[in-house]
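**Student:** Next up is a structure, given as structure tokens.
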Amino acid sequence: MRGLVFYGQSFFQASSRPFSHNRLSLKHPLISDIIGCSTLSSCRKIARRDGATSSSDAQCPQEAKRLVFKIHCVRKSKNDSLEPLGTKRKFWFTDDRGKHILFKADDRRTGDDWAEKVSCELCDLLGLPHIQYELAVESEDNVPGVICENCAEPPTELVLGNVLLLARDPKYPFDQARKYKVRQHTVGAVRNIVKKLEVPPARWSNRLPSETGNALDVFVGYIMLDAWIANQDRHHENWGALLTGKSLYLAPTFDHAAAMARNLTDEDRRARLASRDRGYQIEAFVRRAASAFYSTPSMKKPMTTFEAWHAFSSWSHAAEVWVDRLSTITSEDITGIFEQVPAERMSDVCRQFTIRLLLENQRRICAGEKQ
């Protein structure tokens, strides 16, 4: 969904029933065989869908002075069903082509929309398999949000990380309401799952480095992305696998709305940009980004995004390749993306602060800084 044209469909597999009634026995032989657990208890199947397209029956004003990302208008009145998964308000609608599309609202206007779109564009610069997002607006109430594309068209199903982890370890704390502070969500446990998956399907992997020979090599790229954009939301429902036929493929990376300190106030951003206090400046601030991974279940605090990156990268020779790709991205490349975010979605000080954040984290990664 590059730039101004969007072709849309949902990211999560459609279901005609509420999520809470959609269940899967983890005695499913394919998941059992691939993940490597012989005795599995029943639990929920998380067959998510996350979709998007533009709607031709409404038009949104666009800035004429510069090229900006298109804002796609959606109508709440065309709501087909609500999406219960996740904490943000979402609803499904059917576009002019008969496809089911998901609108994800940024009701609190904390910047989830631009963070999702910018992250998508940064993934594209890196060549990472990723869900494509476009800016959108709920036209009746002028609520900003995003729309996104489907990676799990039936009969493909998206199986989320907590389901995969439970398949391998029946004692894993599977709880749809509990996504954070799950100490069993360790780097080692996730690595043991990911290394059994296939590389994302070809439609997502056409720009992968040739050195990425397996799914773990690709996933390491996702974790480097998290370190770069300060994504603190890679919990066990924000990564997963695509079940297609008899194979489980690593899913493209998705859901980066909690990245780049998008919920800071402009007052805070302005103060950090101007501060002479090294402990308050951006260079110190970025080091506080926490991941959703733990080094061991006994740890009381999660790892930082940089600690998680270095832990995962120690298991993959492709880590150096991802760093090489990151090093080729220029400040002009980054600035060019932010210049396309409409002014009504992002203030100038927010733009300036976020570019500085990305450049600092890029410097840290390329310099080999561990923490």
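Read-outs: derived from the displayed coordinates by stated rules, not from any lab. Model, not experiment: these values are computed from the prediction. Virtual Cβ from ideal backbone geometry, glycine too; neighbours counted across all protein chains shown.
**Student:** Considering only DSSP states other than H, G, I, E and B, which GluC sites (Glu not before Pro) in segment 278-361 qualify as loop sites with at most 15 other Cβ atoms within 10 Å?
**Tutor:** Listed in order of number, the matching sites are E339, E344.
**Student:** Give, rounded to the nearest 20 debye, the magnitude of the charge dipole that segment 299-371 has about its Cα centre when Lys and Arg contribute +1 at Cβ and Asp and Glu contribute -1 at Cβ.
**Tutor:** Around 400 debye, computed over segment 299-371.
**Student:** Pull out a ≥ b ≥ c, the square roots of the eigenvalues of the alpha-carbon gyration tensor of segment 112-157, then state rounded if a/c is under 1.5, prolate if not and a/b is larger than b/c, and oblate in the remaining case.
**Tutor:** Oblate.
**Student:** Can you pick out the pairs among K70/K196; K171/K246; K195/K301 whose Cα atoms lie more than 29 Å from each other?
**Tutor:** Long pairs (Cα-Cα over 29 Å): K70/K196.
**Student:** Out of the chymotrypsin sites (Phe, Trp or Tyr not before Pro) in segment 134-225, which ones are loop residues according to DSSP with at most 15 other C-beta atoms within 10 Å?
**Tutor:** Y180
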